[in-house]
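A short reminder: the numbers here are calculations on the coordinates, not readings from a lab. All values reported here derive from a predicted model rather than from experimental measurement. Positions of Cβ are generated from backbone atoms using ideal geometry, with glycine treated the same way; all protein chains shown enter the neighbour counts.
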Amino acid sequence: MYASRFIGVTIACLATKAYYFIVTPENLPRWASGLGEGRRNADGGWTSTMDIGEVRVTFVARNDLGVADHDVRLPDGTTFHNPLRVTPNGDGCEVTFTLIRQNGVADDAFEKDAATIKKDLLALKEILEGF
């Protein structure tokens, strides 16, 4: 098993509203800086340009459970599954990302990934609470 870390934010926004915002790929550029730039819809997925080349982001099928998991496929074909959940909490919700440390990832790189995810979730919170 790999080490993991739960990174989350509480958002004063209904879970259903947050969920549909998150799983709409066209919204990714507004909050998910960790997925690179120049994002565009392509063949049912979302393609983004990162320093390593073009990556593809594909969400699981939309569902009523708040599961917004997505796969990120790197240019070499390596695919990482990213668990992301939206959990109702009264009139708001909790959005939680599970960062799984892959083999060979150094401490500083893992911490940098965690910081980027936290920054992205805080950007999501700001957007959704501003609606």
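Test of the criteria: in the stretch 53-114, which trypsin sites (Lys or Arg not before Pro) are in a DSSP loop and have at most 13 other Cβ atoms within 10 angstrom of their Cβ?
Filter output for the stretch 53-114: ARG62.
R0 = 25 Å: FRET efficiency of THR87 with ARG30, Cβ-based, nearest 0.05?
According to the calculation, E is roughly 0.70.
Could you please rank ASP64, ASP120, placing first whichever residue has the fewest other Cβ atoms within 10 Å of its Cβ? Mind dumping the intermediate values first?
Working: ASP64 7, ASP120 19.
In increasing order of surrounding Cβ atoms, one gets ASP64, ASP120.
Give me the percent relative contact order of the chain, please, defined on Cα pairs under 8 angstrom at least 6 residues apart.
Taking the mean separation of contacting Cα pairs over the length of the chain, I get 34 percent.
What is the gain in length, in nm to one decimal, between ILE127 and ASP51 on full extension, counting 0.36 nm per residue of separation less the C-alpha to C-alpha distance? Don't jump to the answer; show the numbers that get you there.
Values: separation 76, 0.36 × 76 = 27.36 nm, distance 2.61 nm.
Extra length available between ILE127 and ASP51 comes to 24.8 nm.
Need the list of lysines near LYS17 for cross-linking: C-alpha distance under 21 angstrom, and skip anything on the same chain fewer than eight residues off.
Partners found: LYS118, LYS119, LYS125.
Would you mind classifying the stretch 1-108 by shape? Square roots of the alpha carbon gyration tensor eigenvalues, ordered a ≥ b ≥ c; an a/c under 1.5 is rounded, otherwise it is prolate if a/b is larger than b/c and oblate if not.
oblate
As a test of the formula, what do you get for the chain when each DSSP H run with n ≥ 4 contributes -39,500 (n - 2.57) and the sum is divided by the residue count, at 222 nm and rounded to the nearest 500 deg cm²/dmol?
-8500 deg cm²/dmol
Work out how much length GLU111 to THR98 would gain on full extension: take 0.36 nm times their residue separation and subtract the Cα-Cα distance, in nm to one decimal.
Full-extension gain reported as 3.4 nm.
Modelling each spin label as a point 7 Å along the Cα-to-Cβ direction, I'd like the ASP64/LYS119 distance in nm, to one decimal.
So the two model labels end up 3.9 nm from each other.
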